[in-house]
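Participant: Could you have a look at this structure, given as structure tokens, before my questions?
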Amino acid sequence: MNAQDLKNSILQRAIEGKLVPQRKEEGTAKELLAEIRTEKARLIKEKKIKKSKPLPEITDEEKPFDIPDSWEWVRLKDLGQFSSGKTPSKQVPSNWTNGTVNWFTSKDIKSDYLSRSQILISEEAANGLQLYPVGTILMVVRSGILKRLFPVSFLENPGTINQDIKAFQIYDSRISKYLFLCLKGLSPYILKQFRKQVTTVDSLRFEDFSIMPIPMPPLAEQQRILDRVAELQPDIDAYDKAQTKLQAIEQRFPDAMKKSLLQYAIEGKLVPQRKEEGNAKDLLAKIRAEKAQLIKEKKIKKSKPLPAITDDEKPFDIPDSWAWCYINDVAFVTKLAGFEYTKNIHPNLVKNGIPLFKGKNIQAGYLIERFESYIPEKISDMLPRSQISSKCLLVPYVGTIGNIAIFNGKYKAHLGSNVGKIEVFNNNEIHVLEEYVLAYLKSYTGYIELTKTKKATAQSSISIDAIRKVMFPLPPLAEQHRIVAKLEELLLLCQQLASQS
């Protein structure tokens, strides 16, 4: 992991409300948003900005993660106004000589804070352009760099911009620096959700991006977050120069380190690839053959083929020896149907027998093997699809989504309500390690894939079909073994760090 990866992890924790504790005496973000609306109304009254149409309320489906109760989600466009820039005429030489005015392009948006542009234009050239004050946030919205980065900078000296950049002037200057940090923290999400490819150069779907939900803490907490990030920056710099300080950093961020390790693992960056281990395309062919045999034997039903995964859909690049597929391509995913529970399970509950796995049996990635409900073995045998008799992953699909664990298959059990199973096609020989599947689903990308269609009602939920459609990066089997072994080694160190902190 490099220093930028570590910084990204810190920013992610910051904007989720996990970097500093909440304090009741600091009030709530509702109060702050009321003040921002008042300031916006004043600017409209003074005709400094135009009145805009009210934006729709933010739905639960739009929220990319949970935030503390004292925070609020607010649309980006409700916090300020966006402006575009342009390029002065190239046919007027004086525009580009003896320049004194900053003219920022995408090439300038490389550092967090901007004081001077690479190209200065003359005052005459700047007369027809808008000059942005200190505190304006500049962001690249059209550039090839959007394939991998979302460049954003905070303006420390006035300047103007070209057409590849948007300037964001915030109504309430008190929130400017937090909002800048927030956009940097949301960069991976922004690229995944709003980047579009065109024939010449990538760009953002700006209308959608401009109304994205932003997590807003109370004002005092914003400052504490900024202070904490600034406090951590020397550690990040030291880590970049000398990894001998890795242990000290891990003591502060064991959870963040775990997530980063998992992400590295499933991107093919944790262990090297070996040519002699073959490739995942051949492995997928074997899995398809096994799946076809199970269908022929009527042990599973034939499912409709899913569409091919396009390059735009792939959340990251993988090694050449790997392959993108769906969970449904490598595993049988199912649940106990509602009518089966009503007809067969509920009327036949007993005090001893085949245990039922419920959502509460799967906590923090571990199985809690204390059962409340049992059914007779003959009832379990009547429902082989939802029976658990071999190694598999158990996945709650209502409640705490993403809380997944491996069942070792050493005894017979059965799916209860709200729990599905992912049973890898390892009947004739091992093709995919359940431990590797678990690592992927616990990673940052895997969790996003798993929860991208999450419905937030009284209890969060996803469909079993959504689990089948989770995109999955498949390495060769031997590399899976090496990844799992390396993760076991490194995650144990993280656990030790956590216990010492």
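The values are calculated or read from the model by the stated rules, or taken from the named source; none is laboratory data. It should be emphasised that the depicted structure is a prediction, and the values quoted were computed from it without experimental measurement. Methodologically, a virtual Cβ is constructed for each residue, glycine included, from the backbone with ideal geometry; neighbour enumeration extends over all protein chains shown.
Participant: Could you please find all residues in region 291-320 being more than 27 Å from the chain's Cα centre (by Cα) and either buried (at least 18 other Cβ atoms within 10 Å of the Cβ) or modelled with pLDDT of 95 or more (or both)? Even if it seems obvious, please write down each step before you answer.
Facilitator: To start, the set of residues in region 291-320 that are more than 27 Å from the chain's Cα centre (by Cα) comprises 291-304.
Lys291, the sole residue that qualifies.
Participant: If we keep just the residues of region 377-394 that are touching a strand residue (DSSP E or B) at 6+ places or on another chain (Cβ under 8 Å) and assigned to a helix (DSSP H, G or I), which is surrounded by the most Cβ atoms within 10 Å (Cβ to Cβ)?
Facilitator: Once the filter is applied, the top-ranked residue is Ser380.
This table checks each residue for (1) under 24 Å from Phe65 (Cα atoms); (2) surrounded by fewer than 18 Cβ atoms within 10 Å (Cβ to Cβ); (3) touching a Gly at 6+ places or on another chain (Cβ under 6 Å).
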residue: Gly402; (1), (2), (3): yes, yes, no
residue: Ala405; (1), (2), (3): yes, no, yes
residue: His414; (1), (2), (3): no, no, no
residue: Asn426; (1), (2), (3): no, no, no
residue: Ile430; (1), (2), (3): no, yes, no
residue: Tyr447; (1), (2), (3): yes, no, yes
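Participant: Is it the case, given these coordinates, that Gly420 is under 28 Å from Pro347 (Cα atoms), surrounded by fewer than 17 Cβ atoms within 10 Å (Cβ to Cβ) and not β-branched (Val, Ile, Thr)? Walk me through it before giving the result.
Facilitator: On the way: under 28 Å from Pro347 (Cα atoms): yes; surrounded by fewer than 17 Cβ atoms within 10 Å (Cβ to Cβ): no; not β-branched (Val, Ile, Thr): yes.
So Gly420 does not fit the description; no.
Conditions tested, residue by residue: (1) closer than 30 Å to Lys184 by Cα; (2) at pLDDT 90 or above; (3) of a type in the set (Lys, Arg); (4) in contact with an Asp or Glu (Cβ under 8 Å, 6 or more places away or on another chain).
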| residue | (1), (2), (3), (4) |
| --- | --- |
| Val101 | yes, yes, no, yes |
| Thr105 | yes, yes, no, yes |
| Ser111 | yes, no, no, no |
| Ile119 | yes, yes, no, no |
| Ser122 | no, yes, no, no |
| Gly128 | no, no, no, no |
| Leu131 | yes, yes, no, no |
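Participant: Going residue by residue through region 126-140, is there one that turns out to be on the phi > 0 side of the Ramachandran plot, part of a loop (DSSP other than H, G, I, E, B) and touching a Ser or Thr at 6+ places or on another chain (Cβ under 7 Å)? Can you show your working first?
Facilitator: As a first pass, look at region 126-140 and keep what is on the phi > 0 side of the Ramachandran plot: 135.
Right, trim to part of a loop (DSSP other than H, G, I, E, B) and you get 135.
Subsequent filtering for residues that are touching a Ser or Thr at 6+ places or on another chain (Cβ under 7 Å) retains 135.
Yes; the residues of region 126-140 include at least one that is on the phi > 0 side of the Ramachandran plot, part of a loop (DSSP other than H, G, I, E, B) and touching a Ser or Thr at 6+ places or on another chain (Cβ under 7 Å).
Participant: Taking region 456-497 only, how many residues are among the polar types (S, T, N, Q) and in contact with a helix residue (DSSP H, G or I) (Cβ under 7 Å, 6 or more places away or on another chain)? Spell out the reasoning first.
Facilitator: Going through region 456-497, the residues among the polar types (S, T, N, Q) turn out to be 457, 459-461, 463, 480, 495-496.
So of that shortlist, the ones also in contact with a helix residue (DSSP H, G or I) (Cβ under 7 Å, 6 or more places away or on another chain) come out as 480.
Within region 456-497, residues that are among the polar types (S, T, N, Q) and in contact with a helix residue (DSSP H, G or I) (Cβ under 7 Å, 6 or more places away or on another chain) number 1.
Participant: So, one more: What number of residues within region 56-65 are surrounded by 14 or more Cβ atoms within 10 Å (Cβ to Cβ) and either touching a His at 6+ places or on another chain (Cβ under 6 Å) or in a loop (DSSP other than H, G, I, E, B) (or both)? Break it down into steps so the answer makes sense when it comes.
Facilitator: Within region 56-65, the subset surrounded by 14 or more Cβ atoms within 10 Å (Cβ to Cβ) is 58, 62-65.
Narrowing the set further to residues that are either touching a His at 6+ places or on another chain (Cβ under 6 Å) or in a loop (DSSP other than H, G, I, E, B) (or both) leaves 58, 63-65.
Counting residues in region 56-65 that are surrounded by 14 or more Cβ atoms within 10 Å (Cβ to Cβ) and either touching a His at 6+ places or on another chain (Cβ under 6 Å) or in a loop (DSSP other than H, G, I, E, B) (or both) gives 4.
Participant: Another question about this same structure. Being of a type in the set (D, E, K, R) and assigned to a strand (DSSP E or B) narrows it down to one of Glu423, Glu449, Glu369, so name that one.
Facilitator: Step by step, each of Glu423, Glu449, Glu369 is checked, and only Glu423 is of a type in the set (D, E, K, R) and assigned to a strand (DSSP E or B).
Participant: Taking only region 20-40 into account, find how many residues are in a helix (DSSP H, G or I), surrounded by fewer than 15 Cβ atoms within 10 Å (Cβ to Cβ) and within 29 Å of the chain's Cα centre (by Cα).
Facilitator: 3
Participant: For Val92, indicate whether it is surrounded by 14 or more Cβ atoms within 10 Å (Cβ to Cβ) and in contact with a helix residue (DSSP H, G or I) (Cβ under 8 Å, 6 or more places away or on another chain). Reasoning before the result, please.
Facilitator: Details: surrounded by 14 or more Cβ atoms within 10 Å (Cβ to Cβ): no; in contact with a helix residue (DSSP H, G or I) (Cβ under 8 Å, 6 or more places away or on another chain): yes.
Spelling it out, it is not the case that Val92 is surrounded by 14 or more Cβ atoms within 10 Å (Cβ to Cβ) and in contact with a helix residue (DSSP H, G or I) (Cβ under 8 Å, 6 or more places away or on another chain).
Participant: Okay, next question. Any idea which of Leu129, Leu179, Leu149, Leu191 is buried (at least 18 other Cβ atoms within 10 Å of the Cβ) and under 28 Å from the mean Cα position of the chain (by Cα)?
Facilitator: Numbers: Leu129 fails: under 28 Å from the mean Cα position of the chain (by Cα); Leu149 fails: buried (at least 18 other Cβ atoms within 10 Å of the Cβ); Leu191 fails: buried (at least 18 other Cβ atoms within 10 Å of the Cβ).
Going through Leu129, Leu179, Leu149, Leu191 in turn, the sole match is Leu179.
Participant: So, one more: Taking the criterion of being outside any loop (DSSP other than H, G, I, E, B), surrounded by 20 or more Cβ atoms within 10 Å (Cβ to Cβ), in contact with a helix residue (DSSP H, G or I) (Cβ under 8 Å, 6 or more places away or on another chain) and at negative phi, would at least one residue in region 268-287 satisfy it?
Facilitator: Just the residues of region 268-287 that are outside any loop (DSSP other than H, G, I, E, B), to begin with: 275-277, 280-287.
Okay, now just the ones that are also surrounded by 20 or more Cβ atoms within 10 Å (Cβ to Cβ), so 280, 283, 287.
Adding the requirement that they be in contact with a helix residue (DSSP H, G or I) (Cβ under 8 Å, 6 or more places away or on another chain) leaves 283, 287.
Narrowing the set further to residues that are at negative phi leaves 283, 287.
There is at least one residue in region 268-287 that is outside any loop (DSSP other than H, G, I, E, B), surrounded by 20 or more Cβ atoms within 10 Å (Cβ to Cβ), in contact with a helix residue (DSSP H, G or I) (Cβ under 8 Å, 6 or more places away or on another chain) and at negative phi.
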